[in-house]
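Reviewing the structure listed below.
The values are calculated or read from the model by the stated rules, or taken from the named source; none is laboratory data. Only a predicted model underlies this, so the values are computations on that prediction, with no experimental measurement involved. Methodologically, a virtual Cβ is constructed for each residue, glycine included, from the backbone with ideal geometry; neighbour enumeration extends over all protein chains shown. All accessible areas refer to the heavy atoms of the entire protein, side chains included, with ligands and DNA or RNA removed. Shrake-Rupley method; radii C 1.70, N 1.55, O 1.52, S 1.80 Å.
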Amino acid sequence: MTSQLDMFARDVRPAAARAEASRARRQTSTSFSETEMLAALKATGRYRILRKLEARTVASEVRPGFPLRGVILDTETTGLDARKCEIIEIGLVSFTYNEEGEIGDVVAIYGGLQQPTIAIPPDITRLTGITDAMVAGQSIDIAAVQAIVGPADLIIAHNAGFDRPFCEAFSDVFVRKAWACSVSEIDWSGRGFEGTKLGYLIGQSGYFHDGHRAVDDCFALLEVLEQSSGGAALPPFAELYKTSQRSRVRIFAENAPFDLKDVLKARGYRWSDGSDGRPKSWWIEVAEEELEAELGFLRKEIYRWDEADPPTQRLTAFDRYRARR
């Protein structure tokens, strides 16, 4: 037996009326603009919106006031060792900027594949999506690379310590350039980011992109570098440019007592086995103004000798991250 409550719960309108109401609802739901839908979702507080990152186009007219030239670079390779492995893809995005670290226009783009002398390892294909078939017969246009890199005042890579040795082995045009690392020369944690991987930075900046293809990653990094974040006084690129202009000092704790290796590790020292041309020792890189304090630590806590004089090497953006020959 149908109760009065059942009558309220069920839609007792004729089928035609129900269909018309359904059509009206559909029309209403599709009449919202994208901006209105995004605003409605954000207003609930239950959704986080990620926008697809759109690649910028090369400017038809370059704006004045941005006299410097930067190049964001990314490589995909057959492995991790620049002395043995090869570049299979390179991406370059050139842009203008000024002394304040403000980004102007994209002025050139290049992306190219290259067939290596060996088969691409399966783990590299899984990581990059690049197969042997894709690179078969392909070669990077070295003239195009030189045309973009030649005028550059600064080359930026997201892990320059990896990319620079590969690029220097590929072409001398990279050797005499100033380099900056967007992983280590920006305080991402101070800006509220949970990690330094490009995927983290893109996601927390409100975007998503097709990662692990060189040009796509270059555009992704360009977008992140221009975003203001975490209440920081400067955008990331301005911080990176400012940091890249400072000299740093690498200190080698040669002949440090073996039983104090954990003390060095805890302070941030890393081990070099000497295979890359550096002294075989623990080492650390510090800002120039921190040099005397670090030497004081080594003399007091490690060598326990006031006259100890461990080797040092001053580094600028022109020789930082470069391959050891």
Take THR128 and decide whether it is modelled with pLDDT under 95 and hydroxyl-bearing (Ser, Thr, Tyr).
yes
So ALA133 fits all but one of (1) in a helix (DSSP H, G or I); (2) in contact with a helix residue (DSSP H, G or I) (Cβ under 7 Å, 6 or more places away or on another chain); (3) modelled with pLDDT of 95 or more; what number is the exception?
(2)
May I ask you to verify whether GLU290 is at pLDDT below 95, of a type in the set (Asp, Glu) and not in a loop (DSSP other than H, G, I, E, B)?
no
Give me the pairs, please: first residue somewhere in segment 292-313 and without any contact (Cβ under 8 Å) to a residue 60 or more places away in the chain, second residue anywhere and in a helix (DSSP H, G or I), beta-carbon distance under 6 Å, and either six or more positions apart or on two chains.
ILE302/LEU260; ASP306/ARG299; ALA308/ARG299; PRO310/LEU298
For TRP305, which of the numbered conditions (1) under 27 Å from LEU53 (Cα atoms); (2) at pLDDT 95 or above; (3) assigned to a loop (DSSP other than H, G, I, E, B) fails to hold?
(1)
Scanning segment 88-119 residue by residue, those in contact with a helix residue (DSSP H, G or I) (Cβ under 8 Å, 6 or more places away or on another chain), of a type in the set (S, T, N, Q) and in a loop (DSSP other than H, G, I, E, B) turn out to be GLN114, GLN115
In segment 178-204, what residues are open to solvent by less than 40 Å² (accessible area, probe 1.4 Å), more than 14 Å from the chain's Cα centre (by Cα) and over 13 Å from LEU225 (Cβ atoms)?
ALA178
Going through segment 262-275 in order, the residues found to be under 30 Å from LYS84 (Cα atoms), surrounded by 15 or more Cβ atoms within 10 Å (Cβ to Cβ) and either modelled with pLDDT under 95 or charged (D, E, K, R) (or both) are SER272
Any idea which residue in segment 34-62 is least open to solvent (accessible area, probe 1.4 Å), counting only those that are of a type in the set (Gly, Ala, Ser) and closer than 30 Å to ALA108 by Cα?
ALA59
Can you spot a residue in segment 208-220 that is out of contact with any strand residue (DSSP E or B) (no Cβ under 8 Å at 6 or more places or on another chain), surrounded by 17 or more Cβ atoms within 10 Å (Cβ to Cβ) and without any contact (Cβ under 8 Å) to a residue 60 or more places away in the chain?
no
Residues of segment 283-293 being surrounded by 13 or more Cβ atoms within 10 Å (Cβ to Cβ) and over 17 Å from TYR321 (Cα atoms), in sequence order, are GLU290, LEU291
Please go through segment 251-305 and give me each residue that is of a type in the set (A, V, I, L, M) and under 29 Å from the mean Cα position of the chain (by Cα), ordered by number.
ILE251, LEU264, ALA266, ILE284, VAL286, ALA287, LEU291
Mind listing just one residue for me: the one in segment 221-261 that is in contact with a helix residue (DSSP H, G or I) (Cβ under 9 Å, 6 or more places away or on another chain) and part of a strand (DSSP E or B) and, of those, most open to solvent (accessible area, probe 1.4 Å)?
ARG248
All positions within segment 63-119 that are closer than 23 Å to PRO235 by Cα, hydrophobic (A, V, I, L, M, F, W, C) and either touching a Gly at 6+ places or on another chain (Cβ under 7 Å) or crowded, with 21+ Cβ neighbours inside 10 Å (or both)
PHE66, VAL71, ILE72, LEU73, LEU92, VAL93, PHE95
Only one of ARG278, ARG320, ARG304 is closer than 20 Å to ALA256 by Cα, open to solvent by less than 80 Å² (accessible area, probe 1.4 Å) and among the basic types (Lys, Arg); which?
ARG278
Filtering segment 122-177 down to residues that are hydrophobic (A, V, I, L, M, F, W, C), surrounded by fewer than 16 Cβ atoms within 10 Å (Cβ to Cβ) and touching a residue at least 40 places away in the same chain (Cβ under 8 Å), which residue is nearest to GLY195 (Cα to Cα)?
LEU127
